[in-house]
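Colleague: Structure provided below as structure tokens; questions to follow.
The values are calculated or read from the model by the stated rules, or taken from the named source; none is laboratory data. Everything numeric here is computed off the predicted structure, so don't read it as measured data. We place every Cβ from the backbone using ideal geometry, glycine too, and count neighbours over all the protein chains shown.
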Amino acid sequence: MDLDAALEPVLGVARKFAHEVDVDARFPVEAVEALRSSGLLGLTLPTEAGGMGAGPHELVTVVGSLAGACGSTAMVYLMHVSAAMSVAAAPPPGLPDLLPSLATGRALGSLAFSEAGSRSHFWAPVSQAERAEDAVRLNARKSWVTSAGRADVYVVSTLTAAADTVDLFAIPATTSGVSVAGEWHGLGLRGNASAPMTVDVRVPETHRLGAAGDGFGLMLQTVMPWFNLGNAAVSVGLSSSALDAAVRHTSAARLEHLDQSLSALPTIRAQLAKMSIRLACTRAYLSQTAGRLAEPQDDTMLHVLGVKAAANDAALDITDAAMRVCGGAAFSEHLQIDRYFRDARAGHVMAPTADILYDFYGKALTGQPLF
Ligand SMILES: Cc1cc2nc3c(=O)[nH]c(=O)nc-3n(C[C@H](O)[C@H](O)[C@H](O)COP(=O)(O)OP(=O)(O)OC[C@H]3O[C@@H](n4cnc5c(N)ncnc54)[C@H](O)[C@@H]3O)c2cc1C
């Protein structure tokens, strides 16, 4: 597998359109097309299904690089990977072509978990599904779905009323009753179409991932580790681009009356140093977490909980510092640092939110049950 050969052309396209995607708040169609044809939509999926069979370290590389080029593209990609990994873990028997389609780029996937009723508590859907003979009637109002109206399949969570358990269903976008129910106007990640959706469908039970009631376990054991790792990689990619831009600008910008650059000022230099050190620490934690997913150890879950919160907070601080050291030049948008700053704010509130993760981490650390 030549990862660079697959990734480089996609990065070129993502970089080229990133500013336009942000300004116009439009879906990154060009970069997503490039991802489809690159094979990278199947990065972590099994080779038998047509995927690349790569692991957590490669995901960190791809997602982090994409985020450094275009945050919206990176998040669209990550939601696809998160949905695809849940399908790979428990392929729905009624959709035998789904996994190969997700692996080869024919299908773009996304997750439809969040609901207005349970907000960021994604593990607790309040929508209800009911069994009707050999079919399931699902009626859910999802509050934010990345790639809404753009994905080919949505992995949708619901409470199955009779059993009081959580199920995940793979719902093709062409299913009657799947519709986008609003618009997306975000502070950051403005291109990722994270709009509300209504999923009012009747589907065969064989669209379910795993056995009845397996949804909660799939969310926690499969989706959360991949999503948290990838989301942390988005934060690191954005932080890295913000730091690079800040170093470039402060090195080039001149104070002519003093005959020196901005980076010759000790305060600016110290800020850059702190940003760089924080980024290096976060990268190391991210790499360690990828290792824990590749070869699980006793503290793997602690890493899964900690890495997203740590990387999300680091990204808030690093992009904020980049805005600060670049002053009006960053504020006036032409450095793109404002985009990294705005995009970085999304990771923090995406569920599981950083603050929920700190609480979970504290519970896990002290031997208390998470739920
Ligand atoms: C760009 C973007 C893309 C998204 N894409 C998707 C998607 O593809 N699929 C999907 O399902 N969802 C998606 N979401 C939704 C996301 O995962 C969250 O559900 C959503 O951001 C939560 O927002 P809220 O205002 O409802 O949070 P609230 O739950 O109202 O949280 C408000 C604040 O309370 C804090 N809080 C809540 N509970 C606790 C607790 N127990 N302990 C400590 N603090 C707590 C939170 O951390 C937060 O700071 C997306 C969100 C964004 C911003």
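Colleague: In region 163-181, what count of residues is obtained for those that are modelled with pLDDT under 95 and either assigned to a strand (DSSP E or B) or in contact with a strand residue (DSSP E or B) (Cβ under 7 Å, 6 or more places away or on another chain) (or both)? Show your work before the answer.
Modeller: If we filter region 163-181 for residues that are modelled with pLDDT under 95, which is where we start, we get 163-165.
Applying the additional criterion that residues be either assigned to a strand (DSSP E or B) or in contact with a strand residue (DSSP E or B) (Cβ under 7 Å, 6 or more places away or on another chain) (or both) yields 165.
Number of matching residues: 1.
Colleague: Out of everything in region 111-130 that is near the ligand (Cβ under 10 Å from one of its atoms) and among the charged types (D, E, K, R), what residue ends up being surrounded by the fewest Cβ atoms within 10 Å (Cβ to Cβ)?
Modeller: By that ranking, first place goes to Arg119.
Colleague: A further question follows. Which members of region 197-220 meet the condition of being without any contact (Cβ under 8 Å) to a residue 60 or more places away in the chain and either closer than 30 Å to Ile337 by Cβ or in a strand (DSSP E or B) (or both)?
Modeller: Within region 197-220, Thr198 is the sole residue that qualifies.
Colleague: Which of the numbered conditions does Leu95 fail, given that it passes all the others? Conditions: (1) buried (at least 24 other Cβ atoms within 10 Å of the Cβ); (2) of a type in the set (A, V, I, L, M, F, W, C); (3) farther than 19 Å from Pro56 by Cα.
Modeller: Condition not satisfied by Leu95: (1).
Colleague: Could you figure out which of (1) closer than 21 Å to Ala74 by Cβ; (2) in contact with a Gly (Cβ under 8 Å, 6 or more places away or on another chain); (3) in a loop (DSSP other than H, G, I, E, B); (4) of a type outside the set (Gly, Ala, Ser) isn't true of Tyr154?
Modeller: Of (1) closer than 21 Å to Ala74 by Cβ; (2) in contact with a Gly (Cβ under 8 Å, 6 or more places away or on another chain); (3) in a loop (DSSP other than H, G, I, E, B); (4) of a type outside the set (Gly, Ala, Ser), only one is false for Tyr154: (3).
Colleague: I'd like the full set of residues that are crowded, with 22+ Cβ neighbours inside 10 Å and not small (Gly, Ala, Ser), limited to region 28-43.
Modeller: Within region 28-43, Pro28, Val32, Leu35, Leu40, Leu41, Leu43 qualify.
Colleague: What helices (runs of 4 or more DSSP H), lying completely within region 2-95, carry at least 2 residues that are touching a Phe, Trp or Tyr at 6+ places or on another chain (Cβ under 8 Å) and not hydrophobic (A, V, I, L, M, F, W, C)? Give the derivation first.
Modeller: Working: elements: 3-24, 29-38, 56-69, 71-89.
Fully inside region 2-95 and qualifying: 71-89.
Colleague: Does region 341-354 contain any residue that is away from the ligand (no atom under 12 Å from the Cβ), crowded, with 19+ Cβ neighbours inside 10 Å and at pLDDT 95 or above? Reasoning before the result, please.
Modeller: Going residue by residue through region 341-354, those that are away from the ligand (no atom under 12 Å from the Cβ) are 341.
Then keep just the ones that are crowded, with 19+ Cβ neighbours inside 10 Å; that gives 341.
This time we only want the ones that are at pLDDT 95 or above, so: 341.
Yes, that holds for at least one residue.
Colleague: Oh, and also: Any residue in region 131-145 that is closer than 21 Å to Glu183 by Cβ and surrounded by fewer than 19 Cβ atoms within 10 Å (Cβ to Cβ)?
Modeller: Within region 131-145, the first condition is being closer than 21 Å to Glu183 by Cβ, and the residues that meet it are 140-145.
When the remaining residues are screened for being surrounded by fewer than 19 Cβ atoms within 10 Å (Cβ to Cβ), the result is 141.
Yes - at least one qualifying residue is present in region 131-145.
Colleague: Just to be sure, is Val178 in contact (Cβ under 8 Å) with a residue 60 or more places away in the chain and either hydroxyl-bearing (Ser, Thr, Tyr) or on the phi < 0 side of the Ramachandran plot (or both)?
Modeller: Working: in contact (Cβ under 8 Å) with a residue 60 or more places away in the chain: no; either hydroxyl-bearing (Ser, Thr, Tyr) or on the phi < 0 side of the Ramachandran plot (or both): yes.
Here the answer is no, as Val178 does not meet what is asked.
Colleague: I would also like to ask the following. Taking the condition of being modelled with pLDDT of 95 or more, more than 25 Å from Ser38 (Cα to Cα) and assigned to a loop (DSSP other than H, G, I, E, B), how many residues in region 96-117 meet it?
Modeller: Count: 2.
Colleague: Another question, if that's okay. Specify the residue that is surrounded by the most Cβ atoms within 10 Å (Cβ to Cβ); the eligible residues are those in region 154-165 that are of a type in the set (A, V, I, L, M) and within 13 Å of the ligand (Cβ to nearest atom). I'd like the intermediate steps shown before the answer.
Modeller: Pass one, region 154-165, residues of a type in the set (A, V, I, L, M): 155-156, 159, 161-163.
Okay, now just the ones that are also within 13 Å of the ligand (Cβ to nearest atom), so 155-156.
Numbers: Val155: 27, Val156: 30.
By that ranking, first place goes to Val156.
Colleague: Go through region 268-302 and give me each residue that's more than 28 Å from Arg248 (Cβ to Cβ), part of a helix (DSSP H, G or I) and of a type in the set (S, T, N, Q).
Modeller: Restricting attention to region 268-302, the residues satisfying the condition of being more than 28 Å from Arg248 (Cβ to Cβ) are 288-302.
This time we only want the ones that are part of a helix (DSSP H, G or I), so: 288-294, 300-302.
If the condition is that a residue be more than 28 Å from Arg248 (Cβ to Cβ), part of a helix (DSSP H, G or I) and of a type in the set (S, T, N, Q), then Gln288, Thr289, Thr300 are the ones that fit.
Colleague: Only one residue in Leu209, Leu305, Leu272, Leu265 is buried (at least 21 other Cβ atoms within 10 Å of the Cβ) and farther than 23 Å from Ala364 by Cα, so which one is that?
Modeller: Values: Leu305 fails: farther than 23 Å from Ala364 by Cα; Leu272 fails: buried (at least 21 other Cβ atoms within 10 Å of the Cβ); Leu265 fails: buried (at least 21 other Cβ atoms within 10 Å of the Cβ).
Just a single option satisfies the conditions, and that option is Leu209.
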